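S.K.: Handing you a structure now.
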Amino acid sequence: MRRSYQARKLLRHSRKPAELLLVPMIDIFTVLVTFLLMTAVFSAHRDPAAESAASQTEFRDPPPGLQLEVMVRKDLIQVADRNTGPLATLPNTPGGYNYDALTEYLKRVKAKFPRRPTRSILLEAETPYDTLVQVMDRVRRV
């Protein structure tokens, strides 16, 4: 039997609003957080200042999979691999930074790795802009 308009209207207004189910959403977030924690990359933080004291005039051959970092400090320039640590430490000369030794070492790296490896230049605070430009020119040329 067909209901009247009034009966249908009364039935429509007496419905309860739908409830929000939080349990499935919590399950999804639990799985998401677990997945993100399992795929996260945890890297060890190295202290470059402590490493530079240990390898003051050491020149090592670059390892395979090189990711080159040139670190400019107040008293030296250090060439390092991001994964294995310092490769060369170039103390300052009386005239300033030893750019020639940097160029020579980078040529050795270029001879071993003809394809350009990833290169980064890291500076201490208060490093003059001219020093940055000089180091960038040396790294770019090789």
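S.K.: Output the residue which, of all residues in the range 75-100 that are at pLDDT 85 or above and over 18 Å from Leu123 (Cα atoms), is surrounded by the fewest Cβ atoms within 10 Å (Cβ to Cβ).
M.R.: Looking at the filtered set, the residue picked out is Pro94.
S.K.: What's the number of the condition Glu69 fails, among (1) at pLDDT 80 or above; (2) farther than 30 Å from Thr127 by Cα?
M.R.: Tallying (1) at pLDDT 80 or above; (2) farther than 30 Å from Thr127 by Cα, Glu69 fails exactly one: (2).
S.K.: Looking at the range 98-124, which of its residues are under 19 Å from the mean Cα position of the chain (by Cα) and either part of a helix (DSSP H, G or I) or closer than 19 Å to Lys74 by Cα (or both)?
M.R.: Ser120, Ile121, Leu122, Leu123, Glu124
The values are calculated or read from the model by the stated rules, or taken from the named source; none is laboratory data. All figures in this text were calculated on a predicted structure; none of them were measured in a lab. With ideal geometry, Cβ positions are generated from the backbone for all residues, glycine too; neighbour counts draw on all protein chains shown.
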